[in-house]
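Let me begin by presenting the structure, written as structure tokens, before commenting on it.
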């Protein structure tokens, strides 16, 4: 079977994605695309590395039609939390959304949606217990990190999807 030069390069690249969840791969590809759009042509690895280290590029951003975009707020093994940034800013309005590690669908970050997301997993009881005393949008006052993500980091991500 004949393969093109581009096919061979793609095969070499995707070998590095072995074992990652699809959403993680999509985040990586989106970051690469963001770096390439603003970079020089022809491609130079040294310039790419410099741009990769800048804080603005490290933050994952992806567009949502002509309404705005999602910007990565924080993540853990189980989920990624994104801030919805709209092109028509509304004062004191913050919308947080999340994606699960095994799903690319985005959901609004609410107690009910988190409970639904962890239903039929080994963490279902722990999540319900956590939410009884906390809102999922509550933050650690020192680190400004979501308490939910801090809580989830104590659990091993292996095999949580089957109770």
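Each of the peptides 78-84, 120-126 was scored by the mean count of other Cβ atoms within 10 Å over its residues; in descending order, highest first, they stand as 78-84, 120-126. Extension gain, residue 113-residue 3: 0.36 nm per intervening residue step, less the Cα-Cα distance, totals 35.1 nm. Here the extension length gained between residue 25 and residue 11 equals 3.6 nm, from 0.36 nm per residue of separation less the Cα-Cα distance.
Relative protection proxy for 13-20, 96-103, 112-119, from highest mean packing down: 96-103, 112-119, 13-20 (other beta-carbon atoms within 10 angstrom).
Each reported figure results from applying straightforward, stated rules to the coordinates on display, with no laboratory input. In this text the structure is predicted, and so the values were computed from the model without any measurement. Cβ atoms come from the backbone with ideal geometry, glycine included; neighbour counts cover every protein chain shown.
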